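The values are calculated or read from the model by the stated rules, or taken from the named source; none is laboratory data. What you see is a predicted model; the values in this text were computed from it and never measured. Positions of Cβ are backbone-derived with ideal geometry, glycine not excepted, and every protein chain shown enters the neighbour counts. With ligands, DNA and RNA removed, areas are computed over all heavy atoms of the protein, side chains included. Shrake-Rupley method; radii C 1.70, N 1.55, O 1.52, S 1.80 Å.
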There are 2 protein chains.
Amino acid sequence: MDASTLIRKKRDGHPLTRQEICDFVSNYTCGEIPDYQASALLMAIFFRGLDLEETANLTEAIMNSGRVLDLSGLSGSKVDKHSTGGVGDKTSLIVAPAAAAGGLVVPMVSGRGLGHTGGTLDKLDSIPGFNTRLALADFRRVLGACGMGLIGQTDDLAPADRKLYALRDVTATVESLGLICSSILGKKLAEGIDALVLDVKTGSGAFMKKMEDSRALARRLVDIATACGKRALALITDMNQPLGRAAGNALEVIECLEALKGRGPADLMEVSRQLTAHMFVLGGLEATLAGGRERFNTVVSKGKALEKFAQCIAEQGGDPRIAEEYSRFQAAQHAESVVAPRDGCVARLEAEGLGRAAVTLGAGRERLDSMIDPAVGLTLEKKVGDRVEAGERICVVHYNNPARLPRALALIRSAISITNEPVDLPPLVRETITSEA
Amino acid sequence: MDASTLIRKKRDGHPLTRQEICDFVSNYTCGEIPDYQASALLMAIFFRGLDLEETANLTEAIMNSGRVLDLSGLSGSKVDKHSTGGVGDKTSLIVAPAAAAGGLVVPMVSGRGLGHTGGTLDKLDSIPGFNTRLALADFRRVLGACGMGLIGQTDDLAPADRKLYALRDVTATVESLGLICSSILGKKLAEGIDALVLDVKTGSGAFMKKMEDSRALARRLVDIATACGKRALALITDMNQPLGRAAGNALEVIECLEALKGRGPADLMEVSRQLTAHMFVLGGLEATLAGGRERFNTVVSKGKALEKFAQCIAEQGGDPRIAEEYSRFQAAQHAESVVAPRDGCVARLEAEGLGRAAVTLGAGRERLDSMIDPAVGLTLEKKVGDRVEAGERICVVHYNNPARLPRALALIRSAISITNEPVDLPPLVRETITSEA
């Protein structure tokens, strides 16, 4: 079937077959189908949608557009976690070491920050020497050595996704549930995993701000992963305020190291514990969630998770001494406090605004070619629900470029609300979406 | 506004402004907006449509993408006719000379055959020496000399349309009313005309087979042309059987010459007369349609229309002796008859099937690069409603390549039905659509 007939079929509301989707993805990836036909198909998909079967087929076609890691030579279940992204969302650097320390193999391929959210690769770049650009053969060696590895997408992993995503970005075809799901899962499934735990964020700092949208995304992701033969589960977690206290790359890695020592903020510890516990259950190491939570607590309290992270850092060329010597991280030259304007209770620490403040300081990218400053960011000394007195510090701004400070301060101040009433916190884990299959 | 924001705006159902449409067309024509963004916008337009104002703005942007003929130096109203295309649809070669002989200036830019339909340029190519590839300066000279000219689209007339049409053709975005109308009218308005009569075909041999679709197209074309400041009117005419008796290039030109001598088939004479009469009225030469019809009859009966055509042929490098000496046209080597299988009344001469038979013989293009044979085609000795006896000839097939005959005969035979009942003919001119402004 030629490409224009395929476009017409989807345009007129008919589902595409597995073969048609495979042919499209492979012919587009190799350049036989030009961008202008692919973008017309993407827009037709935007309007007509993809059903579950089409989305699963597209996911597998994307996965198969490049190499799929074969980790069958490694003992242990291969389980990964994926988050849809948020502010202060640093659980990967806690979950991966804890899961690996508990007996799983975690082949984690991560991305960079996007918009107001941070990215795991940018955080890892703040660790002196850490190399996230491993070839797949080296990645497999690291996985064999320590049961975990943290890299960025390589040229040979799901190349169709990279090409399709770049096209969607400039043709207003990003916001399509089927395309979003197949993009996320096509990459993840190329990691050669057996199971996947998804952390779908909801709230002001998430891409899906409404609970119903987050629920639809979580349901679809779990159903597709299941249709592709993987065990999968999604947590819908709160992203109205930043997770933990730090937003900014080195600051977040230090917070993760503290968490791996059992001293992390309560919300960050809880989300990380719940995600890891589900990974243990999906990976067959525990029969119950309670058992999974207990295993997380054990590997943290015995220092095994921290040890695993230090080992991974060393295997990937980084300086493992940072696990204890935080002064080895780059630190910002200046700090400025944002204080409570009056007595009361913190009602709001609006995550998107705080994320934008961190990006303004240089913790993320305002343009594709922006340089990231690993040292800058925010630390929150109060969280939503905490009582404050007038003049008491709520947030510390770590910055290097004074010209960027005023805009960041304005964003932070308008992200904070103080109220007289006591504040009810929404639950951290809003819903758990399991496979219906 | 950048292109992806423009795509998003249309995608989400918001109308585009005049400025946005102008910017898109000019930036796309010069290559600043790539094909892949244009095709995504075209697909969004397919789903969301274009309102009348957007379509008029797109029409003007296409018109202004190249040169617009300035015919203000020529005296007389500039009026053209455009047909949406059919089988045996040869009125241009009657209407243009008759209108010019009657006092109008007719700057007719035509196209080639498409699918099962013929094209004016292909018909003109059967006239020895006739040059349809005039530069605009030469075209203007011909118009000044004889009040009519017949050329193909040049590189500098509405280049946006050529580029957009080629893209629509391979991205399943042809079938959009707004895009169809702006493509037709953007080219026509670049001719520098004051008024336009549209012949929208309906029936089996037309692109719009259903009356309601033809009516919607006619209404939209008239409204847009009016919105662009032109006087306009559309006739919806029957295309269930071929118009006239001949289908095939030289055969049709000869039939036109006969018509210009007052001896054409009744249906062809009537449609040509009605179209030309409306041109005279829109051009201000006649106050009433009856007056317009009378003026057509006069220029034909006095030989003025034929004289005008011969003059135009000479001005454009052709051999004007063909007007009297039909042996100067290429003739097919072979002829085969298709006869009535039984006594009865001709109920059906299905135009699309007969058009495909003519294309099979070489009168049109089966592929973009097919060579046209000017000599081949069909002549119908009976039309729908005529009585026939078993064995009486209905159609003569003029062919050169015997290998193509069987398929053509099969197509012709299955296009013909004979019935016992008397046959009611649908009116030739089904509706007249006038401006509501």
### Query
If the limit is 25 Å between Cα atoms, which of B:LYS9/B:LYS230; B:LYS261/B:LYS382; B:LYS81/B:LYS304; A:LYS187/A:LYS383; A:LYS90/A:LYS187 go over it?
B:LYS9/B:LYS230; A:LYS187/A:LYS383
#### Entry: Relative contact order (%) - criterion: Cα under 8 Å, at least six apart; region: chain B
20 percent
### Task
Quick one: what are the phi-derived ³J(HN,Hα) couplings along segment B:252-259, Karplus 6.51/-1.76/1.60 with θ = phi - 60°, whole Hz, x for glycine and proline?
6, 5, 4, 4, 5, 4, 4, 5
### Task
Treating the angle as unsigned and between 0 and 90°, give the value, to the nearest 10°, between the Cα long axis of helix A:266-282 and the longest Cα principal axis of chain A.
30 degrees
## Note on the structure
If N is the residue count of segment B:36-119, its Cα Rg over 2.2 N^0.38 Å rounds to 1.44
### Task
Show B:ARG11, A:ARG67 ordered by accessible area, largest first, where the area counts protein heavy atoms only and the probe is 1.4 Å.
A:ARG67, B:ARG11
### Pairwise FRET efficiency - B:THR434 versus B:SER327, Cβ, R0 = 35 Å, nearest 0.05
0.20
### Top positive-direction residue, dipole computed over segment B:131-279 with Cβ charges, set B:SER176, B:MET269, B:VAL197
B:VAL197
### Query
Per-residue ellipticity at 222 nm for chain B, helices alone: DSSP H runs ≥ 4 residues times -39500 (n - 2.57), over residue total, nearest 500 deg cm²/dmol?
-13500 deg cm²/dmol
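So for segment A:1-75, what percent of the C-alpha to C-alpha distances run longer than 21 Å?
Result: 27 percent of Cα pairs exceed 21 Å.
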### Message
Could you sort the peptides B:415-426, B:201-212, B:159-170, B:89-100 by per-residue average Cβ neighbour count (10 Å cutoff), highest mean leading?
### Response
B:89-100, B:201-212, B:159-170, B:415-426
### Message
Using a 10 Å cut-off around each Cβ of peptide B:3-11, what is the average number of partner chain Cβ atoms that fall inside?
### Response
4
### Message
If each label sits 7 angstrom from Cα along the C-beta direction, how far apart, in nm, is B:LEU74 from its counterparts in the other copies?
### Response
7.7
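Roughly how many debye, to the nearest 20, is the charge dipole of segment B:303-379 about its Cα centre, given +1 on each Lys and Arg Cβ, -1 on each Asp and Glu Cβ, and no other charges?
Dipole size: approximately 140 debye.
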### Task
Express the relative contact order of segment B:155-295 as a whole percentage, based on alpha carbon pairs under 8 Å and six or more residues apart in sequence.
20 percent
#### Entry: Span from the segment B:145-182 Cα centroid across to the segment A:143-194 one, whole angstrom
41 Å
### Query
Using Cα-only point scatterers and the Debye equation, what is log10 of I(q)/I(0) for segment B:233-312 at each q in 0.12, 0.13, 0.22 Å⁻¹, rounded to two decimals?
-0.36, -0.42, -1.10
### Task
State the volume of the convex hull built on the alpha-carbon positions of segment B:17-163, expressed per residue in Å³ and rounded to an integer.
146 Å³
### Query
Which value, in Å to one decimal place, does the Kirkwood hydrodynamic radius take for segment B:268-319 when every pair of different Cα atoms is included?
11.6 Å
### Task
List the pair-distance distribution P(r) of segment A:197-257, using every Cα-Cα distance, as the percent of pairs falling in each 5 Å bin from 0 up to the bin containing the longest distance, rounded to whole percents.
4, 19, 20, 17, 16, 13, 9, 2
### Query
Over the Cα atoms of segment A:315-437, what is the Rg over Rh ratio if Rh follows Kirkwood?
1.07
### Query
When only alpha-carbon atoms count, how far does chain A stretch along each of its three principal axes, as whole angstroms with the largest first?
69, 44, 39
### Task
Treating the angle as unsigned and between 0 and 90°, give the value, to the nearest 10°, between the Cα long axis of helix A:136-146 and the longest Cα principal axis of chain A.
50 degrees
### Task
Please work out how much length the chain gains when fully extended from A:LYS210 to A:LEU114, using 0.36 nm per residue of separation minus the C-alpha to C-alpha distance, in nm with one decimal.
32.7 nm
#### Entry: Nm distances between copies for A:GLU389, ranked from closest, using label points 7 Å along Cα→Cβ
12.1
### Message
Explain nothing, just compute: Karplus ³J(HN,Hα) = 6.51 cos²θ - 1.76 cosθ + 1.60, θ = phi - 60°, for every residue of segment B:409-419 in order, whole Hz, x for Gly and Pro.
### Response
5, 5, 4, 5, 4, 7, 8, 9, 10, 10, 10
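What dipole magnitude, in Debye to the nearest 20, does the protein assembly as shown give about its Cα centre under +1 on Lys/Arg Cβ and -1 on Asp/Glu Cβ?
0 debye
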### Gaussian network model of chain B, Cα within-10 Å springs - most flexible of B:CYS312, B:CYS146, B:CYS30
B:CYS30
### Dimensionless Rg/Rh of segment B:152-279 - Kirkwood Rh, Rg from C-alpha atoms
0.99
### Summary
Measuring from its Cα centre, segment B:236-385 shows a charge dipole (+1 at each Lys and Arg Cβ, -1 at each Asp and Glu Cβ) which, in debye to the nearest 20, is 300 debye
#### Entry: For chain B, share of DSSP beta bridges that run antiparallel, in % to the nearest 5
55 percent
### Length-normalised contact order for segment A:1-128 - Cα pairs under 8 Å, 6+ apart - percent
19 percent
### Query
When chain A is modelled as a GNM with alpha-carbon springs shorter than 10 Å, which of A:GLY88, A:GLY244, A:GLY303 fluctuates the most?
A:GLY303
### Query
If the label for A:GLY111 sits 7 angstrom from Cα along the Cα-to-Cβ line, what are its distances to the same label in every other copy, in nm to one decimal, shortest first?
4.2
### Task
Rank B:GLY129, B:GLY292, B:GLY147 by mean-square fluctuation in a GNM of chain B with C-alpha springs under 10 angstrom and give only the top-ranked residue.
B:GLY129
### Message
Give the separation of the Cα centroids, segment A:76-136 to segment B:277-305, in Å.
### Response
81 Å
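Taking every DSSP beta bridge with both residues inside the protein assembly as shown, roughly what % is antiparallel (nearest 5)?
Rounded to the nearest five, the antiparallel share is 55 percent.
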### Message
Using a 10 Å cut-off around each Cβ of peptide A:28-41, what is the average number of partner chain Cβ atoms that fall inside?
### Response
5
### With Cα atoms, 0 to 90° folded angle of helix A:289-301 axis to chain A main axis
50 degrees
### Query
Residue farthest toward the positive end of the dipole of chain A, with Cβ of Lys/Arg at +1 and Asp/Glu at -1: which of A:THR432, A:SER417, A:ALA96?
A:SER417
### Message
Using each residue's phi in segment A:393-402, evaluate 6.51 cos²θ - 1.76 cosθ + 1.60 at θ = phi - 60° and report the 3J(HN,Hα) Karplus result to the nearest Hz, with x for Gly and Pro.
### Response
6, 9, 9, 10, 9, 9, 9, 10, 9, x
### Task
Report, largest value first, the span of the C-alpha coordinates of the protein assembly as shown along each principal axis, in whole Å.
108, 55, 44
